[in-house]
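Scroll down for the structure; my scribbles are underneath it.
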Amino acid sequence: MAHATTEPTRSWILAEFTHLDGLLSACRKMKAAGHSDIDTYSPYPLHGVDEALGWKPSRIPFIAATGAVLGGTGALLMMYYLNAVHYPINVANRLLISTPTWIPIMFECTVLLTGLCTFFGLNALNGLPRPHHPVFESEAFVKTATSSAYWISVTVPSGEGDQQIMDELRAVGARTVDLVKEVP
Amino acid sequence: MATEHAHAAAADPLAGVPVLLGNHTDETLTDTLFGHVWRKPGFGWYALFGLALAGFGLFVLAIAVTLYKGIGAWGNNIPVGWAFGIINFVWWIGIGHAGTLISAILLLFQQKWRTSINRFAEAMTIFAVIQALVFPVIHTGRPWYAAYFLFPYPSTNSIWPQFKSPLMWDVFAVSTYFTISLLFWFMGLIPDLASLRDRSKGKLQKIVYGILSLGWRGSGKHWHNWKVAYLIMAGISTPLVLSVHSVVSFDFAVALLPGWHATIFPPYFVAGAVFSGFAMVVTWIVPARRFLGLKDVITMRHLENMNKIILVTGLIVSYGYLMEHFIAWYSGNEYEWSVFVNRATGPYAGVYWLMITCNVVTPNLFWFKKIRTSIPAMWILSILVNIGMWCERFIIIVTSLHRGFVPSTWEMYYPTWVDFTLFAGTIGFFSTLFLLFMRFLPAVATAEVKEARHEMEIGHVHHHPGLMKAGLPEGHAAH
């Protein structure tokens, strides 16, 4: 738990569920109660959470597409500039601008930039790397969240109905309920 | 639980043995699949690791000799200017291809059985590509100068790489392949690393796994992005893996040399790569599933499926040989035809017939279910396939080069002890990396196996509520 020397600003109410139905009904109930900062935690991706919490589709495809366009055009311009403009190399009198022979490198650069943008875009959107997070303060959470159980977190300004939310989550069938506070 | 397995098998008409054995929950799967990371390795691991390190020693020795004496320490000559270096390069790159095929193509085809073996095969890809990259770097003789002509780097010479050359395509293809494979593998590892972090007992373990997992906490918002990103990585890896060995084959096919200048090369190289790659997966996974206690997750079904892929790709490779020989004869070009006659009857005929035996004859034994499902038989056959595929690259490269258009350019090629040592050294280096991987990282993609189990479970209940209720552990019936 947080060693509060200063006033905590936000609270995370965490609840553990053993099956998906319980988690999804908790998600719907908390959303209906007007909480906006809700997240779930599971050892593997779950179906139905996105809909229950009304998340918008991921922005990853746009980031990946940007990478693809940059990679392909970047490779084309690079080869054009280096081999045809800056230092023209005559290879067996072939055309200086010989696009068919540039296709393999254009393709590889498209893939490379798409992959790099996807990977770094993923971490940027997820806010990772982030070694520490308030939810890790809960021992019960750390014990099962990444290996065998489903968790929900509701984030509220500290002191605003923490206990009531905990009771509500217990009522939906949570196995464990825990509270952690963010220390500024 | 027996009824559940019977049902799992019945649901898929092609399935004999289920992809997941035993009465597993997320909890027990975590224990089973992480077990080998927490256990202190036994004598066997240390013995193998010692052997692998000795092999790595050979690697260091061979590189030291090569850099000290120069490329003259190798058996290369004129006309055989390309020999062991590129043979081993192509062989290792090819081995890597199975990993990408399993992780990307089978993911897109929604082949659930891939989840048990993809981590393992992807690790193999990365380690194999590292070995492959050693050869083009070392063969420059002075690798510290290599960056100047391999990468578009503004050197003081002010001369840029020549992008019309297949060798430049190769540089881009292989470096992209390595980068993307590594990112894809790592992306899949992050959730498992987080799980390892949360179950670590020691402080050092917790810190190391904590750093590697980037602070992953299994958040739904993260999974939401991760699912899409993982699919995109699979989507781009699929054409990438096909392009890599096609580009490798262009190194040969674009040259106007009898025996190399063939349009069949790209598909035939890709099939050969998958063929040898799957063989290498079988060679490693057979002992690994036993010693790491993974028999519930890597079942006979996985092994049999892999053997079927070896059979299919083996037949494609055989067809490639057939067409290559047919076209050489049908072209009416006597230089082309003499290369093929020389391969079968010339000074390297022994290697040629070993290639035919290992690549054309042995995979056909996998037509028999008994052999396909026999552990010792598949292990031996998988090694024969890799010997055969190495011989194939030797035949393509050395026999095409050693007899030029005029007899005055004819010269035999003999590898030196440095060539053999470097090749053995890369096998040692590869084994070292693999054994370290099996010691410190989960050999099976745990999060993905759990997801597959979860989906199977939901699927069952959905279709057969009565049947499943009895079979499932308490607390799961309500799904």
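Per-structure values
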| read-out | value |
| --- | --- |
| Proxy reagent accessibility, fewest Cβ within 10 Å first, across B:W337, B:W74, B:W223 | B:W337, B:W74, B:W223 |
| Note, ³J(HN,Hα) from phi for region B:118-129, Karplus 6.51, -1.76, 1.60, rounded to Hz, x at Gly and Pro | 5, 4, 4, 6, 5, 4, 4, 4, 5, 5, 5, 5 |
| Cβ crowding within 10 Å averaged over residues, with B:440-453, B:266-279, B:51-64 ranked highest first | B:266-279, B:440-453, B:51-64 |
| Test item: A:48-56 mean partner chain Cβ contacts at 10 Å | 2 |
| Region A:60-126 - percent relative contact order, Cα under 8 Å, separation 6 or more | 57 percent |
| Neighbouring partner chain Cβ atoms per residue of B:183-195, average, 10 Å criterion | 3 |
| Hull volume in cubic angstrom per residue (convex hull over the Cα atoms of chain A) | 163 Å³ |
| Helix axis angle, B:446-463 relative to chain B longest principal axis, alpha carbon, degrees | 50 degrees |
| Most to least packed among B:346-354, B:414-422, B:171-179, A:87-95 [average Cβ atoms within 10 Å] | B:171-179, B:414-422, B:346-354, A:87-95 |
| Net charge contributed by nearby residues that have their C-beta within less than 13 Å of A:Y44 (K/R +1, D/E -1) | -3 |
| Computed E for A:I89/B:L67 - FRET, C-beta separation, R0 45 angstrom, nearest 0.05 | 0.90 |
| Relative contact order computed over region B:40-444 (Cα-Cα under 8 Å; 6+ residues apart), in percent | 30 percent |
| Residues of type lysines that B:K370 reaches as a straight line, Cα spacing below 16 Å, ignoring anything fewer than 8 places off in the same chain | B:K308 |
| Summed residue charge, Cβ within 13 Å of B:Y321's Cβ, Lys/Arg positive, Asp/Glu negative | -1 |
| Across B:K112/B:K227; A:K31/A:K56; B:K369/B:K450; A:K56/A:K181, pairs whose alpha-carbon gap is larger than 19 Å | B:K369/B:K450; A:K56/A:K181 |
| Order of A:S36, B:S431 under a 10 Å beta carbon neighbour criterion, fewest first | A:S36, B:S431 |
| Highest average packing first - A:18-25, B:201-208, Cβ atoms within 10 Å | A:18-25, B:201-208 |
| Estimated vicinal HN-Hα couplings, Hz - region B:196-213 in sequence order (Karplus 6.51, -1.76, 1.60; Gly, Pro = x) | 5, 4, 6, 9, 5, 8, x, 5, 4, 4, 4, 5, 5, 5, x, 5, 5, 7 |
| Shielding score for A:146-156, defined as the mean number of other chain Cβ atoms within 10 Å | 5 |
| In degrees, nearest ten, helix B:220-253 long axis to first principal axis of chain B (Cα) | 20 degrees |
| Only Lys, Arg (+1) and Asp, Glu (-1) charged, at Cβ; the protein assembly as shown dipole about Cα centre in debye | 840 debye |
| Cα-based reach from B:K201 at 16 Å (exclusive), listing lysines while leaving out same-chain residues under 8 positions away | A:K143, B:K40 |
| For chain A: relative contact order, % (alpha-carbon pairs under 8 angstrom, 6 or more apart) | 54 percent |
| Residues of region A:91-105 with amide N under 20 Å of a point placed 7 Å along Cα→Cβ from B:T263 | A:100-104 |
| Vicinal HN-Hα couplings computed from phi for region A:56-63 (Karplus, 6.51 cos²θ - 1.76 cosθ + 1.60; Hz; Gly/Pro x) | 6, x, 4, 8, 3, x, 5, 5 |
| 222 nm mean residue ellipticity, helices alone, for chain B (DSSP H n ≥ 4; -39,500 (n - 2.57); rounded to 500) | -22500 deg cm²/dmol |
| Using distinct alpha-carbon pairs, which all enter the 1/r mean, Kirkwood radius of the protein assembly as shown in Å | 27.3 Å |
| Length released on extending from B:Y335 to B:W353, taking residue separation times 0.36 nm less the Cα-Cα span | 4.4 nm |
| Taking A:E16, A:E139 and counting other C-beta atoms within 10 Å, the order from fewest to most | A:E139, A:E16 |
| Selection from B:L61, B:S213, B:S243, by position along the positive dipole direction of chain B (Cβ) | B:S213 |
| Candidate aspartates and glutamates for bridging to B:K206, where Cα separation is under 12 Å - those fewer than 8 sequence places away on the same chain excluded | B:D198 |
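All of the numbers you see were taken from the coordinates with simple rules; none came from a lab. What you are looking at is a predicted structure, and each value in this text was computed from that prediction instead of being measured. Because the Cβ atoms are built from the backbone with ideal geometry, glycine has one as well, and the counts that use them run over all protein chains shown.
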